[in-house]
Amino acid sequence: MNYEMVIGLEIHCELSTKSKIFCGCSTQFGNEPNTNVCPVCLGMPGVLSVLNETVVEYAVKAGLAMNCEIARFSKMDRKNYFYPDLPKAYQVSQFDLPICLGGYLDIEADDEAYRIALTRIHIEEDAGKLTHVADGSLVDYNRGGVPLLEIVTEPDIRSAAQAFAFAKTVRNILLYAGVSDCKMQEGSLRFDVNLSVRPEGQEAFGTRTEMKNLSSFRVLQKAIEYEYKRQIKVIEAGEKVVQETRRFDESKGITYTLRSKENAHDYRYFPEPDLLPIVLSEDYIQNIKSNMPELPEEKRKRYIEKLALSEYDARVLTASCELSTFFEDVLKYYDEAKTAANWVLVELMALVNQAEIELDEIKVTPEALAGLLNLIKAGQLSGKMAKGVLEEMFSTGRDAQTIVKEKGLSQISDTAELEKIIDEVLSNNPASVADYQGGKDKALGFLVGQVMRQTKGAANPKSVNEILLHKLKK
Ligand SMILES: [Zn+2]
């Protein structure tokens with residue numbers, strides 16, 4: 001029998017506000033444990049929380065970017081559970097009245113387009129971080145109270161590839177909206193997966209399990225593939241899938257039972273009495289709407305219409321916020337968009353992929369790449385030489401001008417010098433000269449190649465062509 005998987009995702013994203021959601025503590029990552037804390041985020045008795053206004057603004061921005069309806073009235077609730085990562089023994093979250101409702105994102109997976117519906121987006125505080133050691137557990141409350149966005153989808157996802165594409169799209173939108181740095185390695189984006197299987201053609205959902213805190217796109221995909229197969233095995237063995245939270249063990253590539261699944265009533269949600277409801281006016285929402293950063297779809301259109309890029313280049317560039325930002329930064333120092341797109345997408349990305357690193361880790365700045373392109377434009381470097389210079393820039397982080405100067409590289413545009421080399425090439429290849437003059441145009445290419453070889457690629461190909469043609473006509 002064939003089984004279909006049904007997936008809903010919950011994505012937690014840390015917002016990039018400077019201070020925490022209910023106090024003035026810094027949200028900076030990587031500080032000494034328990035240094036970004038105060039009585040409020042440590043849950044001391046008698047303190048009063050104040051909602052960070054930027055959190056609301058960022059949530060509205062994210063909601064608008066994901067086609068949600070923004071609630072004019074929402075409120076914060078206490079989600080009660082006892083665990084040492086929460087000093088208050090409750091997490092302040094949103095229960096029945098979240099700040100964003102509905103919404104959707106369009107994705108592409110396996111060359112097909114899908115629309116994934118969202119249920120809601122709400123705001124909440126992050127918990128502290130536990131580290132388990134041999135004789136106990138250590139807790140760091142620096143992360144406690146960092147603002148989170150929780151994005152919840154409908155059970156619309158049907159494959160690991162779709163989940164992967166959706167997660168990538170969410171990350172990209174959040175980056176474009178400017179509300180999170182989405183640094184995976186710092187845990188700024190985490191995925192919870194609700195997964196069930198059902199026989200193909202069956203309407204009713206199967207029993208689902210939940211896998212929490214998957215911290216990379218690769219892990220998300222692997223966990224889904226494993227859990228899908230596991231549930232099918234359970235069903236085919238005549239047993240029942242148990243509703244529970246399972247943990248995905250990255251090193252072993254398997255999931256195991258963590259705890260039986262809590263239901264909402266287990267958390268005894270109730271309205272947070274220390275915080276006022278969030279009431280948003282039409283003006284407030286309109287104001288954010290009219291100041292939204294450019295999102296991928298608009299950007300793609302602008303690249304095609306205003307910058308005359310191909311549909312393909314525009315799509316690849318805008319599919320990554322980092323890539324389109326890099327490209328646009330190059331254009332601040334260099335004015336030929338098509339050439340810039342080509343160098344970023346082909347030459348630079350080839351080096352990035354070869355080095356197996358991310359774009360934001362490279363040593364070549366947009367300004368430095370623009371510097372290289374300007375040397376080509378000024379006729380000081382041939383395209384071929386520039387590729388070599390870019391490789392050197394990529395491995396050393398030095399700028400094009402310095403490398404060109406040091407290596408004594410320069411394109412030979414000096415006509416007198418070129419004529420001398422060309423005369424030599426012509427006298428050494430009488431057969432090709434005769435071929436060309438006898439009507440074999442192909443021989444010209446061979447002669448150009450010989451000149452380029454003599455000059456080690458430093459001749460200006462345009463000048464070489466002109467001089468050669470002139471001489472061959474004689
Ligand atoms: Zn604090």
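Readers should treat all values here as calculations from the given coordinates under stated rules, not as data from a laboratory. All of these numbers come straight from a predicted model, not from anything done at the bench. Here the Cβ positions follow ideal geometry from the backbone for every residue, glycine too, while neighbour counts run over all protein chains shown.
Note on the chain: helix-only mean residue ellipticity at 222 nm, from DSSP H runs of 4+ residues weighted -39500 (n - 2.57) and normalised by residue number, equals -11500 deg cm²/dmol.
When only C-alpha pairs under 8 Å and at least 6 residues apart count, what is the relative contact order of region 294-406, in percent?
On the way: 101 pairs, mean separation 23.9, N = 113.
Answer for region 294-406 is 21 percent.
For a test of the definition: using alpha carbon positions, the gyration tensor, and the 1.5 limit on a/c, classify region 394-455 as rounded, prolate or oblate. Judged from the Cα gyration tensor, region 394-455 comes out prolate (a/c at least 1.5, a/b above b/c). When you filter the trypsin sites (Lys or Arg not before Pro) in region 275-328 for DSSP loop state and at most 10 other Cβ atoms inside 10 Å of their Cβ, you are left with Lys306.
Taking θ as phi - 60° and the Karplus parameters 6.51, -1.76 and 1.60, the scalar couplings of region 297-305 work out to 4, 5, 4, 4, 4, 5, 4, 6, 6 Hz in sequence order, x denoting glycine and proline.
P(r) tail for region 3-283: Cα pairs beyond 24 Å make up 52% of the total. Scanning residues 5 or more positions from Cys25 or on other chains, those with amide H under 5 Å from its amide H are Lys20, with H placed 1.01 Å from N in the peptide plane. Amide hydrogen proximity for Phe95: with H placed 1.01 Å from N in the peptide plane, the residues at 5 or more positions away or on another chain lying under 5 Å are Asp77. Between region 420-474 and region 264-280, the C-alpha centres lie 81 angstrom from each other. For the Cα trace of region 206-281, dividing Rg by the Kirkwood Rh returns an Rg/Rh value of 1.16. In percent, rounded to a whole number, the relative contact order of the chain is 14, using alpha-carbon pairs under 8 Å and six or more apart.
Given a Förster distance of 45 Å, report the FRET efficiency between Asn34 and Lys405 from their Cβ-Cβ distance, rounded to the nearest 0.05. Kindly include the intermediate steps, with their values, before the conclusion.
Values: r = 52 Å, r/R0 = 1.15.
It comes to 0.30.
Answer rounded, prolate or oblate for region 49-157, using the Cα gyration tensor with square roots of eigenvalues a ≥ b ≥ c: rounded when a/c is under 1.5, else prolate when a/b is larger than b/c, else oblate. In terms of gyration-tensor shape, oblate.
If Lys and Arg each add +1 and Asp and Glu each add -1, what is the summed charge of the other residues whose beta carbon sits under 14 Å from the beta carbon of Lys222? Don't jump to the answer; show the numbers that get you there.
Values: positive: Arg218, Lys229, Arg230, Arg246, Arg247, Lys252; negative: Glu225, Glu227, Asp249, Glu250.
Counting the neighbours of Lys222, the net charge comes to +2.
Close amide-amide hydrogen proximity is noted between Leu118 and Gly103, Tyr104, Leu105, Glu154, each under 5 Å apart and 5 or more residues distant or on a separate chain (H modeled in the peptide plane; Pro and chain starts excluded).
Using a 10 Å cut-off around each Cβ, can you sort Met5, Met76, Met349 from fewest to most neighbouring Cβ atoms?
Details: Met5 23, Met76 26, Met349 15.
Ordered by Cβ neighbours within 10 Å, fewest first: Met349, Met5, Met76.
Taken along the Cα-to-beta-carbon direction at a fixed 7 Å, the label points for Arg315 and Arg302 span 2.1 nm. For region 132-140, 3J(HN,Hα) computed residue by residue from phi via the Karplus equation (6.51, -1.76, 1.60; θ = phi - 60°) reads 8, 10, 4, 10, x, 10, 10, 10, 10 Hz, glycine and proline entered as x.
Beyond 17 Å, what percent of the Cα pairs of region 212-330 remain? Mind showing how you got there, number by number?
Working: 5296 of 7021 pairs.
It works out to 75 percent of all Cα pairs.
Whole-percent P(r), the chain, all Cα pairs, 10 Å bins from 0: 4, 16, 21, 21, 15, 9, 7, 5, 2, 0.
Which pairs in the list Lys384/Lys456; Lys18/Lys332; Lys212/Lys240; Lys338/Lys456; Lys18/Lys61; Lys61/Lys332 are over 19 Å apart, alpha-carbon to alpha-carbon? Could the numbers behind the result be given before it?
On the way: Lys384/Lys456 10 Å; Lys18/Lys332 28 Å; Lys212/Lys240 21 Å; Lys338/Lys456 27 Å; Lys18/Lys61 17 Å; Lys61/Lys332 27 Å.
Cα-Cα > 19 Å for Lys18/Lys332; Lys212/Lys240; Lys338/Lys456; Lys61/Lys332; rest within.
Taking every pair of Cα atoms in region 226-269, average 1/r, invert it to obtain the Kirkwood radius, and report Rg/Rh to two decimals. Show your work: numbers first, answer last.
Values: Rg = 12.9 Å, Rh = 12.0 Å.
Here the Rg-to-Rh quotient is 1.08.
The residues packed around Lys183, meaning those with a beta-carbon under 11 Å from its beta-carbon, carry a net charge of -4 if Lys and Arg are +1 and Asp and Glu are -1. Computed over every Cα-Cα pair of region 333-394 and binned at 5 Å starting from 0, the pair-distance distribution P(r) comes out as 4, 18, 33, 27, 13, 5, 1 percent. Cβ screening of the chain for cysteine pairs under 4.7 Å finds these without a partner: Cys13, Cys23, Cys25, Cys38, Cys41, Cys182, Cys321. The Rg/Rh ratio of region 294-406, with both radii computed over alpha carbons and Rh defined as the Kirkwood radius, is 0.96.
Residue-wise HN-Hα couplings along region 270-278, as the Karplus relation 6.51 cos²θ - 1.76 cosθ + 1.60 with θ = phi - 60° gives them from phi, are 8, x, 5, x, 8, 10, 6, x, 9 Hz; Gly and Pro carry x.
Under 8 Å for C-alpha pairs, at least 6 residues apart: give me the relative contact order for region 106-240, rounded to a whole percent. Please list the in-between numbers first.
On the way: 167 pairs, mean separation 24.7, N = 135.
In percent, rounded to a whole number, it is 18.
A Cβ-based charge dipole, computed about the Cα centre of region 3-283 with Lys and Arg at +1 and Asp and Glu at -1, lands at about 580 debye.
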